[in-house]
């Protein structure tokens, strides 16, 4: 829980480095609290999965989630801008769903493009997961001192 609280305190800090434990404990508690918000939505509002309680929680947690992910990438010696590619590709996928309103109107050429898009997203997700699981770079890198060595 201390890592979750630390990430909330550093909610808009995109500089520096975050240990694996900081990132993964934040993700664990964020997922648990998000599920609780979703459950509250179902119990109180009788809405679908994404009611107003969950949506409010997700919006509040967006900035801290991005910040800790960027700091985690920094800890492995990578730029936080790599995270943006994942969102750009995701937004492109969502935008493409509005171009073709239903399956009956989907041209046959779109199916291979859809498969290529899905393959690219899965590949990028696996690569990104490996990068988030990678151990800290020893010593100081261009993003700051190693938090393991500093004793955080």
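Would you mind telling me which numbered condition in (1) closer than 23 Å to residue 130 by Cα; (2) at pLDDT below 90; (3) touching a helix residue (DSSP H, G or I) at 6+ places or on another chain (Cβ under 8 Å) residue 96 fails?
(1)
Does the stretch 134-142 contain any residue that is surrounded by 11 or more Cβ atoms within 10 Å (Cβ to Cβ), at pLDDT 90 or above and in contact with a helix residue (DSSP H, G or I) (Cβ under 6 Å, 6 or more places away or on another chain)?
yes
Sort out which residues of the stretch 68-89 are touching a helix residue (DSSP H, G or I) at 6+ places or on another chain (Cβ under 9 Å), part of a helix (DSSP H, G or I) and closer than 14 Å to residue 144 by Cβ, and write them in order of number.
Scanning the stretch 68-89 gives 70, 71, 72, 73, 75.
Inside the stretch 9-32, can you point out the residues that are over 23 Å from residue 135 (Cα atoms) and in contact with a helix residue (DSSP H, G or I) (Cβ under 7 Å, 6 or more places away or on another chain)?
12
Restricting to the stretch 1-23, give me the number of residues that are surrounded by 14 or more Cβ atoms within 10 Å (Cβ to Cβ) and farther than 15 Å from residue 74 by Cβ.
5
Condition first: in a loop (DSSP other than H, G, I, E, B) and surrounded by 17 or more Cβ atoms within 10 Å (Cβ to Cβ). Now tell me which residues in the stretch 33-67 satisfy that.
51
The values are calculated or read from the model by the stated rules, or taken from the named source; none is laboratory data. This structure is a prediction, so every number in the text was calculated from the model and none was measured. Reconstructed Cβ throughout: ideal geometry from the backbone, glycine too, with neighbour counts over all protein chains shown.
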